[in-house]
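All remarks here apply to the structure that follows.
The values are calculated or read from the model by the stated rules, or taken from the named source; none is laboratory data. Quantities reported herein were computed from a predicted structural model and do not represent experimental measurements. When we count neighbours, we look across all protein chains shown, and the Cβ atoms used for this are built from the backbone with ideal geometry, even at glycine.
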Amino acid sequence: MVKITSVYEEEYKNKIKQISPHEHILDSRQFDQGYIYEILLNANLMKKEMGKQKDLIGKIVAMLFYEPSTRTRFSFESAAKRLGAETISTENAKEFSSAAKGETLEDSIRITSGYSDFIVIRHPEDDSSVRAAMVSDVPIINAGSGKSQHPTQALLDVYTIYDHFGRLENIKTCVVGDLLNGRTVRSLVYLLSKFRGNEFYFVAPKFLMPPKDLTDHIEEAGLNHTKTGSLLDALSWADVVYMTRTQLERMTDTEKEELKAYEKEYGRLAITPENIINMPEKSILLHPLPRVGEIDPRIDTDPRARYFEQAKNGLYVRMAILSTLNRHNGKS
Ligand code: NCD
């Protein structure tokens, strides 16, 4: 088993690629193309044969959520139950688990891993899943760690893209919103950077543009990216428009002040009935959700609006992830 280091150490970048996603799901850089296609095919099977796959009978999936969640927690619980597993769960681990009494994350994981076969964890700290994996006897699945990662969201995002375009190469993705603090953006960019010909258009106010290490990653993969404040230009160019909300809970006070001033002058970056007409007919509009004003509900019936379908795909993809991990029994 590869020894995991802290996410803040330079060597983590290389180490994480050696940790098999058949062991733990921590970071989207772990996935190679083979694993990604394995999940996509499996998710299709789960969708087609819903109710028939019962690979997790007798297993227990623990859900440890230290941050709010609707889609991720419910879809993981539903996925586990549809596969025949039982779940043990706390939706507010910060208040209702021993964390409220001062127990460390490591101790909570040591204990929970003795009661379950898989642990799905969402936690506000960037390195939480990696720390959990260091002490866990069972596979850890990262369901969102601080600003750093949301790898299962990225898999369901690419499932939705593949389902529509039939390919993961040569896709032009326009990513809009808080690109500095959003973990779904980071995980998705890492995943799409694994396929040739992909391009990115980042649309955000200057102070919420993606950090340099992320754009360096794209360049190291030999791919192109552009940064702009103009949503209109990007919309007419895109195959995929990926909207994100402002991560107010992760912003510094200075960022909040800057955002207030920006929105006062330019308004909110949003897709509306007026600007969606600039999106090509064959393009799709995605959002990890929740939306808070970035997508006008009047366009929900537009054929390009695929965010509810994307959320539903989360069930099939998470069934595929659990069943694949179970088949490999947490071993690489
Ligand atoms: C995302 C998250 O938690 O990062 N939500 C989700 O899991 N679909 C996006 C967000 O909260 O903005």
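Scanning the range 1-32 for residues that are under 16 Å from I321 (Cα atoms) and either without any contact (Cβ under 8 Å) to a residue 60 or more places away in the chain or in contact with a Phe, Trp or Tyr (Cβ under 7 Å, 6 or more places away or on another chain) (or both), we see that the one that is surrounded by the fewest Cβ atoms within 10 Å (Cβ to Cβ) is R29.
Identify, please: which residue in the range 163-179 is within 15 Å of T226 (Cα to Cα) and crowded, with 21+ Cβ neighbours inside 10 Å and is, among those, nearest to the ligand (Cβ to nearest atom)? Break it down stepwise before answering.
From the range 163-179, those within 15 Å of T226 (Cα to Cα) are 171-177, 179; that's our starting set.
Among the residues that remain, those that are also crowded, with 21+ Cβ neighbours inside 10 Å are: 173-177, 179.
Working: T173: 16, C174: 17, V175: 13, V176: 12, G177: 9, L179: 12 Å.
Filtering the range 163-179 for residues that are within 15 Å of T226 (Cα to Cα) and crowded, with 21+ Cβ neighbours inside 10 Å, the one nearest to the ligand (Cβ to nearest atom) comes out as G177.
Taking the options P205, P210, name whichever one is surrounded by 12 or more Cβ atoms within 10 Å (Cβ to Cβ), more than 20 Å from Y307 (Cβ to Cβ), more than 16 Å from the ligand (Cβ to nearest atom) and of a type outside the set (S, T, Y).
Values: P210 fails: more than 16 Å from the ligand (Cβ to nearest atom).
Selected residue: P205, the only one of P205, P210 that is surrounded by 12 or more Cβ atoms within 10 Å (Cβ to Cβ), more than 20 Å from Y307 (Cβ to Cβ), more than 16 Å from the ligand (Cβ to nearest atom) and of a type outside the set (S, T, Y).
So, restricting to strands (runs of 3 or more DSSP E) that lie completely within the range 54-136, which ones have at least 3 residues that are among the hydrophobic types (A, V, I, L, M, F, W, C) and in contact with a Phe, Trp or Tyr (Cβ under 9 Å, 6 or more places away or on another chain)? Steps first, answer last, please.
Values: elements: 60-65, 86-90, 118-123.
Here the list reads 60-65.
Restricting the first member to the range 64-86 and to residues that are polar (S, T, N, Q), and the second to residues that are buried (at least 23 other Cβ atoms within 10 Å of the Cβ), the beta-carbon pairs closer than 6 Å and six or more apart or on different chains are S69/R122; T72/A143; S75/G314; S75/R318. Screening S75, S97 for residues that are of a type outside the set (D, E) and more than 16 Å from the ligand (Cβ to nearest atom) leaves exactly one candidate, S97.
Evaluation of L289 against the conditions (1) away from the ligand (no atom under 16 Å from the Cβ); (2) surrounded by 12 or more Cβ atoms within 10 Å (Cβ to Cβ) shows that the sole unmet condition is (1).
State yes or no: is L191 at pLDDT 95 or above and away from the ligand (no atom under 14 Å from the Cβ)?
Numbers: at pLDDT 95 or above: yes; away from the ligand (no atom under 14 Å from the Cβ): yes.
For L191, the condition - at pLDDT 95 or above and away from the ligand (no atom under 14 Å from the Cβ) - is met.
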